[in-house]
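First comes the structure, then the notes that go with it.
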Amino acid sequence: MKNDKITLAHGSGGKLTHDLVKQLFLPRFNNKALSQLGDSAILDIHGMRIAFTTDSFVVKPLFFPGGDIGTLAVNGTINDIAVVGAEPMFLSAGFIIEEGFELSLLEKVVNSMKEAAALASVEIVTGDTKVVERGSVDGLYINTCGIGVVNDEINLSISAIEPGDKIIISGTIGDHGMAVLSERESLGFTPSIKSDCSPLSSMIKKLLASGVHIKFMRDPTRGGLATTLNEIVNAQKYGIVFEEHTIPINDGVRALCEILGYDPLYIANEGKVVIVVSSCDADKVCGILKEDILGKDAAIVGEVVPEPVGKVCLKTVIGGTRVIDMLVGDQLPRIC
Amino acid sequence: MKYIDEFRNGTIAINLSRKIADLVRERDTITLMEVCGSHTMNIYRYGLKKLLPSNIRLLSGPGCPVCVTPTSYIDTAIAISQKYSQEVLITTFGDLFRAPGSTSSLEREKARGASVIVVYSTLDALEVAKNNAGKKVVFLGIGFETTTPTIAASMIEAEKRNLTNYFVLTSHKVMPPVMEALLRDKELNLDGFLCPAHVSTIIGSKPYEFIARDFHIPCVIAGFEPLDILQGIYMLLEQITRKESSVRIQYSRVAKCNGNPTALALLDRVFEPCDAEWRGLGIIPGSGLKLRSHYERFDARTVFQISDFGFQINSEIRSPIQSGTQSATNGCICGDILRGVKLPADCKLFGKVCNPEHPVGACMVSSEGTCAAWYKYGEN
């Protein structure tokens with residue numbers, strides 16, 4: 001069975017998404033900035049390094065515990081700029097609205113965007129509005145772009161990573177994905193699981209100003225921590241080993257994952273950053289993160305290792321080892 | 001007590017693995033089979049095989065409900081979605097979504113426009129029926145004794161709510177007859193069964209007693225957590241080394257001797273035993289459940305006149321289980337893998353043309369399938 005149509009799995013952020021990017025988009029748009037496949041492209045414009053990113057938000061439901069499509073759009077874009085070491089400054093917002101959508105809901109979303117932008121000191125400076133026939137979109141989609149400036153002394157690169165470096169996650173995993181899923185499917189868990197949707201820019205700014213030797217950062221959104229770690233080792237001459245018992249996770253998220261048969265390592269986050277740092281600075285980075293409310297559960301979870309090359313391995317809680325691969329499609333709830 | 005960490009304690013796991021090693025030191029190979037998809041998955045997920053001595057061989061039997069669902073069933077579901085595309089909504093549990101039929105899967109059909117909705121429970125499917133009164137809603141009813149009571153309950157509830165647009169495409173299976181078929185298989189020399197956890201919470205321990213009594217094979221009903229599985233293995237080995245055979249319950253916090261009488265009553269009210277086709281294994285007498293006459297109006301096969309599309313006897317179907325049985329898909333050795341006589345690595349398709357992206361056999365589709373577990377957890 002060969003794929004001749006796009007399936008939902010192509011949008012899951014896993015292997016099929018990567019294949020689409022590498023086989024369809026990359027060869028055609030071919031250029032140096034894109035080929036880095038960073039969260040933002042870094043552009044050299046008249047001697048200034050500008051981080052430039054875009055993202056589209058199609059979350060369902062539009063409102064969920066801990067945020068809505070508006071906060072997600074602003075924070076998601078801010079985070080994509082922040083993790084490449086840039087300071088986010090300006091955003092765009094394009095709205096694709098379904099005919100018949102409640103104006104009061106749109107107002108609520110726009111207010112959320114206003115507050116989220118103010119909180120992170122960014123401005124939404126340009127935008128667009130399109131309305132399409134009922135049924136053509138599901139309520140409301142938002143597309144954003146964002147730009148920021150990379151300071152001269154910052155130079156993060158996946159190629160700087162070497163064996164011995166430590167892997168840090170800034171907090172609990174899986175909160176956003178399980179909050180949205182729980183709300184969408186009306187699973188009725190109490191207390192409800194709250195999305196971690198938040199802007200990481202101020203915490204990352206503090207971190208970068210502290211002089212620690214950070215090699216690389218990425219926000220583990222769609223596809224979760226496992227996908228991000230796989231992206232880090234992909235086509236590199238090292239691997240990653242991480243330890244299950246060190247990974248921070250909220251009880252509610254873990255319980256819901258257990259019930260549905262989901263692996264929290266693959267669940268989306270919207271307010272977390274994975275940091276690869278020199279071993280000697282790992283504790284310091286953790287300490288700085290923990291001073292911030294968004295980084296209070298930060299933990300060193302793993303290490304870059306010379307072998308096995310290009311693979312991510314997990315040491316399980318009972319002492320076994322398994323390979324953590326990139327997910328092929330969406331995770332599906334199990335029958336029993 | 002959170003019932004998670006306590007059963008994943010690394011120190012206790014190491015101690016148990018030492019006790020297991022002591023028990024079987026200098027013994028010939030002992031072959032144990034688990035017949036539960038969640039056992040298979042957790043054995044790989046926690047790397048349990050590395051904690052066991054080399055003379056213990058763990059085989060994964062036909063315990064994954066998606067993996068044993070015949071190709072013709074998927075074909076039938078797809079045929080309904082195509083032929084009645086204007087009037088039908090297909091509802092299904094998630095795992096079945098990607099399972100390959102002869103030429104397509106529900107996932108692909110959805111991309112081509114079929115109405116397929118993944119639900120989390122049969123009650124969700126009833127809600128879909130309620131909210132889409134103008135459509136006929138078909139629930140894909142597969143699975144073992146664990147899930148079948150909830151499907152029975154959905155039909156009773158639909159009757160109570162007077163929902164006339166809810167139907168079930170049934171392919172339900174029961175576990176003890178396939179275990180008997182495996183024991184009669186001369187190629188397999190089993191020393192013990194790790195009996196499924198959730199199936200046993202419904203049926204209890206009595207349905208396995210014939211295995212211990214007539215075949216002299218010890219059985220232990222074990223839970224899913226790593227320590228449950230290790231302790232279950234230890235309890236099996238204790239019996240094997242003492243040359244005893246009985247049915248014992250490790251998962252006593254949930255599974256009871258008499259099972260769950262309420263769920264069993266639901267099953268008996270709606271379903272009656274029948275012969276059933278198992279993917280790669282053929283037809284096994286008495287191993288399925290069909291709707292009793294009172295509930296036949298829920299039967300999607302009757303409503304949708306699909307005899308042209310599926311359930312013709314194909315080369316896949318043989319009885320009793322025969323050596324070298326292949327699935328309908330050429331080259332796939334799903335059947336031999338489900339019987340535990342071959343490993344995924346023995347299949348020339350494994351990891352090459354058959355991978356989670358393009359699964360050829362159902363063992364690669366479900367997260368509980370042996371091939372998927374091998375692929376995902378790095379045995380490839």
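Readers should treat all values here as calculations from the given coordinates under stated rules, not as data from a laboratory. It should be emphasised that the depicted structure is a prediction, and the values quoted were computed from it without experimental measurement. In this analysis, Cβ positions are derived from the backbone assuming ideal geometry, glycine residues included, and neighbour counts consider all displayed protein chains.
Please work out whether the stretch A:158-323 counts as rounded, prolate or oblate from its C-alpha gyration tensor, where a ≥ b ≥ c are the square roots of the eigenvalues and a/c under 1.5 means rounded, while otherwise a/b larger than b/c means prolate and anything else oblate?
oblate
Hull surface divided by four, with the convex hull built on the Cα atoms of the stretch B:1-314: how many nm²?
Averaged projected area of the stretch B:1-314's Cα convex hull equals 17.4 nm².
Mind giving me the nanometre distance, one decimal, between the label points for B:Glu159 and B:Arg269, set 7 Å out from Cα along Cα→Cβ?
0.7
Mean Kyte-Doolittle hydropathy of 0.0 or higher plus an axial Cα length of 20 Å or more: which whole DSSP H helices in chain A meet both?
Qualifying helices: A:103-119.
Could you put B:Trp278, B:Trp374 in order, starting from the residue whose Cβ has the fewest other Cβ atoms within 10 Å? List each step's numbers first, then the result.
Numbers: B:Trp278 27, B:Trp374 23.
Exposure proxy ranking, most exposed first: B:Trp374, B:Trp278.
Residue by residue through the stretch B:200-208, what is 3J(HN,Hα) from phi via Karplus (6.51 cos²θ - 1.76 cosθ + 1.60, θ = phi - 60°)? Round to whole Hz and write x for glycine and proline.
6, 5, 7, 8, x, 9, 4, x, 8
Quick one: the Cα spread of the stretch A:6-80 along its three principal axes, in angstroms, biggest first?
42, 32, 14
In whole Hz and in residue order, list the ³J(HN,Hα) couplings for the stretch A:120-137 that follow from phi through the Karplus curve 6.51 cos²θ - 1.76 cosθ + 1.60, θ = phi - 60°; x for Gly and Pro.
My calculation for the stretch A:120-137 gives 9, 6, 10, 10, 8, 10, 7, x, 7, 10, 10, 10, 10, 4, 3, x, 6, 9 Hz in order.
For chain B, set up a GNM with springs between Cα atoms under 10 Å and report which of B:Asp299, B:Asp214, B:Asp95 has the largest fluctuation.
Residue with maximal mean-square fluctuation among B:Asp299, B:Asp214, B:Asp95: B:Asp214.
For the stretch B:1-44 and the stretch A:153-230, what is the centre-to-centre distance using only Cα atoms, to the nearest Å?
Rounded to whole Å, the Cα centres lie 34 Å apart.
How would the stretch B:170-218 be classified by its alpha-carbon gyration tensor: rounded, prolate or oblate, with rounded meaning a/c under 1.5 and the a/b versus b/c comparison settling the rest?
oblate
Would you mind telling me which residue in A:Val274, A:Val131, A:Val83 has the biggest mean-square fluctuation in a Gaussian network model of chain A, where springs connect alpha carbons within a distance under 10 angstrom?
A:Val131
Rounded, prolate or oblate: which one fits the stretch B:67-165, using the alpha carbon gyration tensor with axes a ≥ b ≥ c (rounded when a/c is under 1.5, else prolate when a/b beats b/c, else oblate)?
Note, shape of the stretch B:67-165 comes out oblate.
Gaussian network model of chain B, Cα springs within a sub-10 Å range: biggest mean-square fluctuation belongs to which of B:Phe93, B:Phe215, B:Phe144?
Sorting by GNM fluctuation, first place goes to B:Phe215.
What ranking, highest mean first, results for peptides A:149-157, A:207-215 when packing means the other Cβ atoms within 10 Å averaged over each residue?
Ranking, from highest mean packing down: A:207-215, A:149-157.
Rg and Dmax of the protein assembly as shown over Cα atoms: what are they, in angstrom?
Every Cα atom of the protein assembly as shown included, Rg and Dmax give 26.6, 85 Å.
Can you order the peptides B:228-237, B:100-109 by their average number of other Cβ atoms within 10 Å per residue, highest first?
Highest mean packing first, the order is B:228-237, B:100-109.
Express the Stokes-Einstein translational diffusion coefficient of the stretch A:58-207 in µm² s⁻¹, to the nearest whole number, given a Kirkwood radius over alpha-carbon pairs, 37 °C and a viscosity of 0.692 mPa s. Present the calculation step by step, with values, prior to reporting the outcome.
On the way: Rh = 17.0 Å.
Result for D is 193 µm²/s.
Would you tell me the mean number of C-beta atoms belonging to other protein chains that fall within 10 Å of each C-beta in A:309-320, as a whole number?
That average works out to 6.
Once the Cα gyration tensor of the stretch B:184-271 is diagonalised, what are the square roots of 5 times its eigenvalues, in whole Å and ordered largest first, as equivalent ellipsoid semi-axes?
23, 16, 11
Measuring from label point to label point, each 7 Å out along Cα→Cβ, what is the A:His213 to A:Ser121 span in nm?
It works out to 2.9 nm between the two label points.
Two decimals is fine: what is log10 I(q)/I(0) at q = 0.12, 0.13, 0.15, 0.17 Å⁻¹ for the stretch B:1-158, from a Debye sum with one equal scatterer on every Cα and no solvent?
So the normalised log intensities are -0.70, -0.77, -0.88, -1.00.
For the stretch A:291-316 and the stretch B:76-152, write down the distance between their C-alpha centroids in whole Å.
Cα centroid of the stretch A:291-316 versus Cα centroid of the stretch B:76-152: 39 Å apart.
Mean Kyte-Doolittle hydropathy of 0.5 or higher plus an axial Cα length of 27 Å or more: which whole DSSP H helices in chain B meet both?
Span-like helices here: none at all.
Cα-based Rg (one decimal) and Dmax (whole number) for chain A, in Å?
When restricted to the Cα atoms of chain A, Rg and Dmax are 19.5, 59 Å.
Would you please give the residues with an amide H less than 5 Å from that of B:Cys195, counting only those at least 5 places away or on a separate chain, with H modeled from the backbone geometry?
Answer set, sorted by chain and number: B:Val220, B:Ile221, B:Ala222.
Order the peptides A:108-120, B:74-86, A:181-193 from the highest to the lowest mean number of other Cβ atoms within 10 Å of their residues.
For the peptides A:108-120, B:74-86, A:181-193, the packing ranking is B:74-86, A:108-120, A:181-193.
Give, in whole angstrom and from largest to smallest, the semi-axes √(5λ) of the equivalent ellipsoid of the stretch A:218-284, with λ running over the eigenvalues of the Cα gyration tensor.
23, 15, 11
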